[in-house]
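The values are calculated or read from the model by the stated rules, or taken from the named source; none is laboratory data. Being a predicted model, the structure only gives us computed values, none of them experimental. For neighbour counting, all protein chains shown are included, and Cβ atoms are generated from backbone atoms with ideal geometry for every residue, glycine included. To get the accessible areas, we keep the full protein, side chains included, count just its heavy atoms, and leave off ligands, DNA and RNA. Shrake-Rupley method; radii C 1.70, N 1.55, O 1.52, S 1.80 Å.
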Amino acid sequence: MILSADTKLDATTRYLPDGIEIRKDGITIDGNGAILVGNNRTGSGIALRNLKNVTLKNLTIAEYHNGIVAIDCENLTIEEVTVRSTGDIAHNTIFLDIFHEPAVYPAGIRLSNVNQASIKNCELSHQFCGLQAYDCQNLKISGNNANYSSGFGFYLSNTSDSEFEDNFADYCCRWHPRDNGNGHMGADAAGFVIVNGATRNIFRKNYARLGGDGFFLAGLRHDGRFAPCNDNTFIQNDASWSPNISFEATFSSGNVFRENIAANSNYGFWLGFSRNNRVERNQIFNNRQAGIAVENGIDMVAEGNRLTGNGHGILLWSKRIPQFDAAVPDNDTSRNWQIERNTFSGNGTAVRIAADQDHGVRPFLNNGKTPPPKNHRLVNNSFDRNNKDIVTEGVEE
């Protein structure tokens with residue numbers, strides 16, 4: 001079906017193995033409750049390219065490889081759309097590649113080089129990925145449900161200056177078996193993935209609980225290319241109950257984490273090899289290993305957080321990894337931290353700062369090539385009922 005004018009569909013079920021192609025700027029497609037059904041999860045339910053000012057609403061799409069694909073578009077609106085039964089990757093098979101190219105993994109909605117779009121109140125759960133955004137900017141993504149995605153709830157690659165608010169991406173997890181009979185719970189599935197230079201985005205009041213990770217931000221690719229994701233802001237999100245990490249943000253700078261909940265995970269925050277991050281007024285509790293864990297983090301602030309019942313409240317350490325030197329040469333140790341007005345209660349160790357460590361708790365032989373951790377300021381913090389309050393090992397000052 002090719003549409004080149006405003007269209008209101010009949011409220012019926014239509015078998016369209018090749019989907020709908022939109023070819024006209026400035027039109028509105030009102031599904032009116034219609035259901036589009038594809039053929040064996042192939043093709044796209046709706047496709048549009050090089051268009052402006054298009055609106056899609058009130059539609060259900062099922063049994064396509066991708067639900068909606070928009071490429072090189074501007075001022076796109078998608079509202080009250082349900083996508084079901086898109087392509088998937090067999091469960092309990094592979095460890096995912098978070099730096100994949102767009103054609104690799106399917107999605108409910110895929111945006112590529114889209115400027116200005118509003119995606120609102122869409123039902124995108126039970127996909128491999130709810131929404132993908134590649135090379136986009138000025139998106140407003142709100143009120144969408146991508147729960148139970150077997151890969152990623154919301155995926156951002158080189159997507160910037162966008163807002164994600166009041167979205168759900170719970171239970172985005174999978175299992176990767178290994179030859180020894182064990183496996184990895186998570187396999188790099190996550191509620192929100194932020195990679196390949198995604199910057200200046202705001203994530204507010206989203207839920208990403210029980211995911212492989214809650215929020216997974218990574219600035220260094222597996223192929224060694226440095227693509228930092230800087231100056232993103234995370235406010236009042238809940239990323240609890242991950243088997244791995246609630247909020248991971250590595251090899252990037254200027255990210256702010258404020259008033260979030262990071263609880264009942266292996267780690268609350270893991271911010272390795274990053275700089276100039278702020279972790280402020282978060283609720284961080286009952287994480288098995290640490291509430292805030294950072295290797296070789298520099299110029300960081302942890303202020304006003306409540307850290308309760310964690311294995312470690314704040315765990316900082318140095319560890320030289322030669323292959324990271326070219327990407328982040330300044331991150332040669334843990335240094336220049338301001339730890340102020342935090343409340344530490346009932347943790348195993350409230351604050352541990354140590355040199356030459358693996359995961360902050362085991363000796364790691366660097367052959368003397370890593371400078372010792374230095375210049376950590378602890379000011380006006382409160383300590384109550386921790387097994388140990390402050391532990392340092394090999395710290396210069």
So His176 fits all but one of (1) farther than 27 Å from Arg84 by Cα; (2) at pLDDT below 95; what number is the exception? (1)
Is at least one residue of the stretch 283-306 out of contact with any strand residue (DSSP E or B) (no Cβ under 7 Å at 6 or more places or on another chain), open to solvent by 30 Å² or more (accessible area, probe 1.4 Å), in contact (Cβ under 8 Å) with a residue 12 or more places away in the chain and outside any strand (DSSP E or B)? yes
Could you name every one of the strands (runs of 3 or more DSSP E) located completely within the stretch 102-170 that has at least 1 residues being at pLDDT 95 or above and hydroxyl-bearing (Ser, Thr, Tyr)? 109-112, 115-120, 129-134, 137-142, 152-157
Close pairs (7 angstrom Cβ cut-off, 6 or more residues apart or separate chains): in contact (Cβ under 8 Å) with a residue 40 or more places away in the chain and under 15 Å from Thr55 (Cα atoms) in the stretch 1-30, open to solvent by 30 Å² or more (accessible area, probe 1.4 Å) and not in a strand (DSSP E or B) anywhere: none
Among the numbered criteria (1) outside any loop (DSSP other than H, G, I, E, B); (2) within 15 Å of Asn277 (Cα to Cα), which one does Phe344 miss? (2)
Those residues of the stretch 32-45 which are over 13 Å from Gly19 (Cβ atoms) and either hydroxyl-bearing (Ser, Thr, Tyr) or open to solvent by less than 60 Å² (accessible area, probe 1.4 Å) (or both) amount to Gly33
Search the stretch 84-99 for residues that are on the phi > 0 side of the Ramachandran plot and modelled with pLDDT under 90 and pair each with any residue that is open to solvent by 60 Å² or more (accessible area, probe 1.4 Å) and not polar (S, T, N, Q) when their beta-carbon atoms are under 9 Å apart and the residues are at least 6 apart or on different chains. Asn92/Trp175
Give me a count of the residues in the stretch 328-339 that are acidic (Asp, Glu) and open to solvent by less than 30 Å² (accessible area, probe 1.4 Å). 0
Suppose we filter the stretch 187-242 for residues that are of a type in the set (A, V, I, L, M) and open to solvent by 40 Å² or more (accessible area, probe 1.4 Å); how many remain? 2
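This table checks each residue for (1) exposed (fewer than 14 other Cβ atoms within 10 Å of the Cβ); (2) touching a strand residue (DSSP E or B) at 6+ places or on another chain (Cβ under 7 Å).
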| residue | (1), (2) |
| --- | --- |
| Thr28 | no, yes |
| Ala47 | no, yes |
| Asp88 | no, no |
| Thr93 | yes, no |
Residue ranges of strands (runs of 3 or more DSSP E) in the stretch 212-279 with at least 1 members within 16 Å of Tyr155 (Cα to Cα) and at pLDDT below 95: none
Residue in the stretch 171-182 that is surrounded by the fewest Cβ atoms within 10 Å (Cβ to Cβ), counting only those that are under 18 Å from Asp213 (Cα atoms) and free of Cβ contacts under 8 Å to residues at least 60 places away in the same chain: Tyr171
Name every residue in the stretch 65-84 that is crowded, with 17+ Cβ neighbours inside 10 Å and not in a strand (DSSP E or B), in order of residue number. His65, Cys73
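To keep it simple, each residue is scored yes or no on (1) closer than 20 Å to Ala107 by Cα; (2) open to solvent by 80 Å² or more (accessible area, probe 1.4 Å).
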| residue | (1), (2) |
| --- | --- |
| Met1 | no, no |
| Arg14 | no, no |
| Pro17 | yes, no |
| Lys52 | no, yes |
Got at least one residue in the stretch 366-374 being more than 23 Å from Asn266 (Cβ to Cβ), open to solvent by 50 Å² or more (accessible area, probe 1.4 Å), part of a strand (DSSP E or B) and not hydroxyl-bearing (Ser, Thr, Tyr)? yes
Take the residues of the stretch 313-327 that are outside any loop (DSSP other than H, G, I, E, B) and open to solvent by 30 Å² or more (accessible area, probe 1.4 Å): which is nearest to Gly219 (Cα to Cα)? Phe324
Candidates Gly38, Gly67, filtered to the one that is over 19 Å from Asn147 (Cα atoms) and modelled with pLDDT of 95 or more: Gly38
Out of Phe164, Phe128, Phe152, Phe168, I need the residue that is open to solvent by 10 Å² or more (accessible area, probe 1.4 Å), more than 23 Å from Gly31 (Cα to Cα) and out of contact with any Leu (no Cβ under 6 Å at 6 or more places or on another chain). Which one? Phe168
